[in-house]
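The values are calculated or read from the model by the stated rules, or taken from the named source; none is laboratory data. The structure displayed is predicted, hence computed values, not measured ones. Because the Cβ atoms are built from the backbone with ideal geometry, glycine has one as well, and the counts that use them run over all protein chains shown. These area figures cover heavy atoms from the full protein model, side chains too; ligands, DNA and RNA do not enter into them. Shrake-Rupley method; radii C 1.70, N 1.55, O 1.52, S 1.80 Å.
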Amino acid sequence: MSDKIFQRPQALKDVSFHYCPGCHHGIIHRLVAEVIDELNASDKTIGIAPVGCSVLAYEYFNCDMFEAAHGRAPAVATGVKRVHPDALVFTYQGDGDLAAIGCAEIVHAAARGEKITTIFVNNAIYGMTGGQMAPTSLLGQVTNTSPYGRSETSAGLPIRVSEMLATLDGAKFIARVAVNNPANMAKAKAAIKKAFELQQKGEGFSLVEVLSTCPTNWGMTPLDSSEWLEKHMIPYYPLATFKTPEGVSK
């Protein structure tokens with residue numbers, strides 16, 4: 001009889017994801033769930049689902065979940081953490097939710113040093129609503145609302161959220177990772193685990209930005225999408241730990 005070496009994390013419900021083929025949300029969900037399991041924290045974890053492709057995250061994570069209005073997950077998480085200071089509180093947000101309508105929310109949560117963790121999924125486009133240009137869409141990137149490519153003159157430059165938040169004193173751990181290959185997946189999981197562990201130790205705000213694909217709205221195959229991420233997104237959004245508490249290794 002062979003030993004089982006791979007199985008669904010207990011922090012994920014035994015249901016099928018609704019995500020499009022090749023979307024990285026499923027991978028990111030699994031990494032978050034594995035970390036929750038390893039920290040033995042399912043009964044103490046409270047997640048905040050956003051508006052966007054991961055709006056149904058509460059259907060997938062096997063822990064207490066709230067649904068927030070568009071962009072307001074950090075505000076909801078702030079209230080939850082202050083009422084339940086011993087809980088492991090995280091928000092799970094896309095770039096449209098976090099960097100557009102929710103930009104002020106995430107900035108001020110970080111500035112206040114709220115003891116919450118944000119998993120920020122950056123796929124450089126609005127996914128659920130049909131592929132519009134997002135604050136993180138790259139220059140020249142074709143979207144439904146930038147059919148000739150994003151223009152610096154009319155739309156400005158893409159926002160580097162991690163670099164921006166790392167300037168705030170209340171932010172204690174800020175990292176950018178990717179899940180386009182197994183090596184990067186391992187690094188992404190390590191960053192998520194570090195962010196959760198720092199929250200358990202009472203440190204301030206933490207955020208892990210995860211570069212992700214959107215094959216459907218990019219108009220690419222899953223394989224081509226991963227290659228596009230590596231060729232175009234990573235050079236503009238470099239993978240790095242931008243901030244970590246003193247005495248904690250990067």
Taking the Cα centre of each part, how many Å lie between the range 81-129 and the range 179-213? 14 Å
To the nearest 20 debye, what charge dipole does the chain have about its Cα centre, counting +1 at the Cβ of each Lys and Arg and -1 at the Cβ of each Asp and Glu? 320 debye
For a 25 Å ceiling on Cα separation, which of these pairs sit above it: Lys81/Lys187; Lys44/Lys194; Lys13/Lys201? Lys81/Lys187; Lys13/Lys201
Positive end of the charge dipole of the chain (Lys, Arg +1 and Asp, Glu -1 on Cβ, about the Cα centre): tell me which of Val51, Ala166, Ser225 has its Cα farthest that way. Ala166
How long is the gain from Ala69 to Glu163 if the chain were fully straight, where each residue apart is worth 0.36 nm and the alpha carbon distance is subtracted? 31.3 nm
In whole percent, how big is the carbon plus sulfur part of the accessible area of the chain, probe 1.4 Å, protein atoms only? 55 percent
Taking Rg and Dmax of the Cα atoms in Å straight from the coordinates, which label in (1) 17.1, 64; (2) 16.4, 45; (3) 17.1, 51 is the correct one? (1)
Scalar couplings 3J(HN,Hα) for the range 217-233 by Karplus 6.51 cos²θ - 1.76 cosθ + 1.60 (θ = phi - 60°), nearest whole Hz, x for Gly and Pro, are 7, 7, x, 10, 6, x, 5, 4, 5, 5, 5, 5, 4, 5, 7, 10, 6
Heavy-atom accessible area of His24 with all protein chains present, probe 1.4 Å, nearest 10 Å²? 10 Å²
Segment Arg8-Asp37, extension gain: residue separation times 0.36 nm, minus the distance between their alpha carbons: 9.4 nm
Between Ile48 and residues 5 or more places away or on another chain, which pairs have amide H atoms under 5 Å apart, with H built 1.01 Å from N, and which residues are they? Phe66, Phe90, Thr91, Tyr92
Compare Ala178, Ala49, Ala186 in a GNM of the chain, Cα atoms joined below 10 Å, and give the one with the largest fluctuation. Ala186
Once you have all Cα-Cα distances for the range 49-190, histogram them in 5 Å bins from zero and send the whole-percent values. 2, 10, 17, 20, 21, 16, 9, 3, 1, 0
Note to self: with every protein chain in place and a 1.4 Å probe, the chain gives an accessible area per residue in Å² of 45 Å²
